[in-house]
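Engineer: What follows is a single structure, and I will ask about it in a moment.
The values are calculated or read from the model by the stated rules, or taken from the named source; none is laboratory data. Owing to the predicted nature of the structure, the values given are computational and were not obtained by experimental measurement. Note that we place each Cβ from the backbone using ideal geometry, even for glycine, and neighbour counts take in every protein chain shown.
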Ligand code: URA
């Protein structure tokens with residue numbers, strides 16, 4: 001097959017066939033199609049779009065481009081959970097133990113953070129001993145035994161995505177919703193998923209900035225997922241303010257465990273139980289009430305301990321608070337009295353990145369102990385001089401503290417925080 005003909009068909013607004021898309025995906029995976037041809041095809045897709053059936057064919061072709069994880073042999077139902085990423089998003093650390101405590105098997109590949117978006121793998125690595133490099137055999141054995149296994153992404157699953165994602169980044173075609181959909185779903189299918197609950201985030205700290213764009217992605221994830229043979233549920237959720245109270249790797253694991261232990265931020269707890277409930281409903285094993293029960297009874301905390309221990313974590317050291325945070329702690333205070341009306345997640349994410357909690361380029365090192373505690377979320381009444389943030393750093397940086405102040409808008413009248421769940425499922 002000639003790649004030029006595949007590009008021509010898309011350039012002229014036609015539909016690429018499954019065979020043509022397999023040609024593209026295998027050529028991207030094995031390097032037999034040059035970057036310039038793939039880039040031309042990506043731009044044609046960006047400009048002309050892909051129909052849901054075509055995006056599903058691309059998804060399947062990309063999923064077939066490498067190895068696939070075969071979950072047969074471990075107990076059903078299997079469920080995966082995916083977030084499009086945000087600031088302070090430690091939801092996976094709470095939702096997975098809830099699901100496993102409810103009898104669901106979760107085998108999950110998670111990414112590392114990039115830019116202002118944190119990665120679950122980085123967060124878990126802040127706990128001494130926690131292994132995120134499980135082999136497929138170890139993943140399956142552990143998931144079969146305790147109901148949860150989580151590891152880092154391997155380039156052996158859906159390798160076409162690695163090439164296509166790099167080229168999308170270089171050619172300004174990342175934002176194509178069908179290409180995003182195929183990228184996300186192909187990795188889920190290659191990882192053996194049958195059912196996935198998606199947290200599609202929207203706002204200043206998310207990939208999708210507007211509710212319109214987030215809803216478009218959620219709809220296409222559902223449509224394309226179902227054509228490709230997955231059961232899919234989506235929640236569109238707020239990421240205009242950071243999620244929960246902590247932003248930073250170790251700080252976020254500590255916060256997740258606090259929630260599993262019965263404390264924590266109500267808005268964050270609502271998101272976790274709604275997501276877990278939507279997942280349980282998707283595999284016909286209950287809903288939000290069952291999720292809440294698993295959380296409130298302590299069953300999810302027990303499952304979390306089992307999970308951390310199974311992956312090598314030093315649970316006792318972590319729980320005893322012996323893993324150190326960065327030593328320099330500074331408080332940022334309110335410049336005037338009033339109500340916190342805005343707390344820009346994008347700006348808080350940039351500040352955390354500048355502290356070293358995130359990475360600017362793939363492969364860069366991060367600092368697990370730095371981060372930001374949010375002391376006055378949207379809706380809080382503050383007096384001048386009250387604490388807004390606690391900043392954990394290696395060395396004081398006034399510029400970062402000043403930038404945090406630009407994230408906050410204080411108004412004279414009372415304000416309520418917006419809902420965390422923006423759409424019904
Ligand atoms: N996440 C992915 O895995 N792929 C995209 O294209 C965007 C976000």
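Engineer: In the stretch 190-215, what count of residues is obtained for those that are part of a helix (DSSP H, G or I) and either modelled with pLDDT under 95 or surrounded by fewer than 24 Cβ atoms within 10 Å (Cβ to Cβ) (or both)?
Structural biologist: Residues in the stretch 190-215 being part of a helix (DSSP H, G or I) and either modelled with pLDDT under 95 or surrounded by fewer than 24 Cβ atoms within 10 Å (Cβ to Cβ) (or both): 4 in total.
Engineer: Out of 260, 235, 282, 243, which single residue is closer than 24 Å to residue 389 by Cβ and in the same structural domain as residue 105 (by TED's automatic domain parsing)?
Structural biologist: Unique residue meeting the criteria: 243.
Engineer: Could you list all residues from the stretch 263-278 that are free of Cβ contacts under 8 Å to residues at least 24 places away in the same chain and either surrounded by 17 or more Cβ atoms within 10 Å (Cβ to Cβ) or outside the structural domain of residue 238 (by TED's automatic domain parsing) (or both)?
Structural biologist: Across the stretch 263-278, the qualifying residues are 264, 277.
Engineer: Continuing with the same structure: From 347, 374, which residue is within 20 Å of residue 243 (Cα to Cα), out of contact with any strand residue (DSSP E or B) (no Cβ under 7 Å at 6 or more places or on another chain) and buried (at least 16 other Cβ atoms within 10 Å of the Cβ)?
Structural biologist: Testing whether each residue is within 20 Å of residue 243 (Cα to Cα), out of contact with any strand residue (DSSP E or B) (no Cβ under 7 Å at 6 or more places or on another chain) and buried (at least 16 other Cβ atoms within 10 Å of the Cβ) leaves just 347.
Engineer: Does residue 73 qualify as being closer than 19 Å to residue 157 by Cβ, surrounded by fewer than 23 Cβ atoms within 10 Å (Cβ to Cβ), within 16 Å of the ligand (Cβ to nearest atom) and in contact (Cβ under 8 Å) with a residue 24 or more places away in the chain?
Structural biologist: no
Engineer: Continuing with the same structure: Please enumerate the residues belonging to the stretch 110-150 that are over 30 Å from residue 347 (Cβ atoms), out of contact with any helix residue (DSSP H, G or I) (no Cβ under 6 Å at 6 or more places or on another chain) and not in a loop (DSSP other than H, G, I, E, B).
Structural biologist: 136, 137, 138, 139, 140, 141, 143, 144, 145
Engineer: May I pose another question? May I ask you to verify whether residue 185 is within 14 Å of the ligand (Cβ to nearest atom), assigned to a helix (DSSP H, G or I) and farther than 23 Å from residue 360 by Cβ?
Structural biologist: Criteria met by residue 185.
Engineer: A further question follows. Select, from 307, 339, the only residue that is assigned to a strand (DSSP E or B), over 20 Å from residue 201 (Cα atoms) and in contact (Cβ under 8 Å) with a residue 12 or more places away in the chain.
Structural biologist: Being assigned to a strand (DSSP E or B), over 20 Å from residue 201 (Cα atoms) and in contact (Cβ under 8 Å) with a residue 12 or more places away in the chain holds for just one of 307, 339, which is 339.
Engineer: For the stretch 279-286, check the following and say yes or no: at least one residue is under 18 Å from the mean Cα position of the chain (by Cα) and touching a residue at least 24 places away in the same chain (Cβ under 8 Å).
Structural biologist: yes
Engineer: Something else now. If you go through the stretch 391-422, how many residues are more than 19 Å from residue 346 (Cα to Cα) and surrounded by fewer than 16 Cβ atoms within 10 Å (Cβ to Cβ)?
Structural biologist: Residues that pass the stated criteria total 8.
Engineer: Name the one entry in 44, 61, 28 that is outside the structural domain of residue 180 (by TED's automatic domain parsing) and under 20 Å from residue 223 (Cβ atoms).
Structural biologist: Answer to the check: 61.
Engineer: Taking the stated definitions as given, is residue 242 assigned to a loop (DSSP other than H, G, I, E, B) and in contact with a strand residue (DSSP E or B) (Cβ under 7 Å, 6 or more places away or on another chain)?
Structural biologist: yes
Engineer: Could you check residue 26 against (1) farther than 18 Å from residue 158 by Cα; (2) in contact (Cβ under 8 Å) with a residue 12 or more places away in the chain; (3) assigned to a helix (DSSP H, G or I) and say which number it fails?
Structural biologist: Checking residue 26 against (1) farther than 18 Å from residue 158 by Cα; (2) in contact (Cβ under 8 Å) with a residue 12 or more places away in the chain; (3) assigned to a helix (DSSP H, G or I), the one that fails is (1).
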